Amino acid sequence: MNTFGNIFRLTTFGESHGKGVGGVIDGMPAGVPVDMEFVQRELDRRKPGQSALVTQRREEDCVEILSGVFEGVTTGTPIGFVVYNSNMRSGDYDNLRNIFRPSHADFTYFEKYGRRDHRGGGRSSARETVSRCVGGAFAKLALRSLGVKINAYTSQVGDIKLDNDYTKYDFSLIESNPVRCPDMDAAARMADLILRVKEDGDTIGGVVTCVISGLPAGIGEPVFGKLHAALGCAMLGINAVKGFEYGMGFEGVAHRGSEMNDRFVVKNGKIGTVTNNSGGIQGGISNGEDIYFRVAFKPVATLLQRIETLDVDGAPAEVMTRGRHDPCVLPRAVPVVEAMAAMVVFDNYLMSRCSRI
């Protein structure tokens, strides 16, 4: 499937080395003010070539809105958009036409479709996330009026790890460094590690933490399609993601229930909780506290080293990847995580509006 969502839906199209990538947003309510500078900034946060820490492919990633926006507001009709590719070097992939790269989607796409686009991974390329950032930007615009804010940041690169307590960090510092880490000392050490890994022709993974604040209680589905399940599905659908946990997550298994229970109190005239080990979701539905989760990204599979592999006939082969690639996806993954979270939250908000007469 190339469509994401239930009421707020995003359908994406395009390949890494095709003419462009784009999508159609359906289910966007009419009358939402559209700040195109904001939409473009969201794309700029994801685009390649931002620093020495990411791929040096140069794409301006200028989004062109084709429909669904008139006189600065949404019309309620499908929003079509396109971002044209301009800096492809498809010749870098000529040697991969009949070779399966280890830990890529080359083999599985070939087995599913009987053919594949070997140029930059084709549809399996992370370039497809351009469309997700546009969809997420429109969801964020709609969430503004609800007072919902979404902040993601790099919380781990390799063995350099921030404390899991997100309340210790100033989110205004996230965009102040190329790693997108709110701890300046850790950001510098993360950047140094990424550069050293890059010099070796290797890659490194890490974790993105995301915090959703301001979402009212009562959003989410109670049985199938629980809010945390929807978030997990969205995050695990991002390229290179290998893990998802929310609230205390795996760390909580070492504690007793008496330590983990979030006791109810009245806060600012509303029912709230003293602690938030549940991560803002109980019974699959938001409880009004911050929703927070972590997403694990593997080291990028593309190495600038000689690697033994097999060709399409199963014969031994050797691959030496050329081209421009990310030594670590974390800096550019941060806005993608935010975008997917925004679409999930807004989609569930729209569904919850249908739950009461």
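Per-structure values
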quantity: 19 Å Cα-Cα reach of K198 towards aspartates and glutamates, excluding residues that sit fewer than 8 places from it in its own chain; calculated: D92, D159, D326
quantity: Solvent-accessible area, 1.4 Å probe, carbon plus sulfur percent, for the chain; calculated: 53
quantity: Given the chain, longest segment not containing exposed loop trypsin sites (Lys or Arg not before Pro) (DSSP; at most 15 other Cβ within 10 Å); calculated: 116-255
quantity: Of K19/K298; K47/K149; K168/K267, pairs whose Cα-Cα distance is over 25 Å; calculated: K19/K298
quantity: Local net charge near G247, Cβ-Cβ under 12 Å (Lys/Arg +1, Asp/Glu -1); calculated: -4
quantity: The range 187-220 and the range 109-146: distance between their alpha carbon centers, rounded to Å; calculated: 19
quantity: Aspartates and glutamates whose Cα lies under 13 Å from that of K161, excluding same-chain neighbours fewer than 8 positions away; calculated: D183, D185
quantity: Within the range 153-249, chymotrypsin sites (Phe, Trp or Tyr not before Pro) in DSSP loop having at most 10 other beta-carbon neighbours inside 10 Å; calculated: F224
quantity: Ranked by how many other beta carbons lie within 10 Å on average, peptides 280-286, 308-314 from highest; calculated: 280-286, 308-314
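The values are calculated or read from the model by the stated rules, or taken from the named source; none is laboratory data. Every value quoted in this text rests on a predicted model; they were computed, and no experiment measured them. Positions of Cβ are generated from backbone atoms using ideal geometry, with glycine treated the same way; all protein chains shown enter the neighbour counts. Protein only, heavy atoms only, side chains kept; ligands, DNA and RNA dropped before computing areas. Shrake-Rupley method; radii C 1.70, N 1.55, O 1.52, S 1.80 Å.
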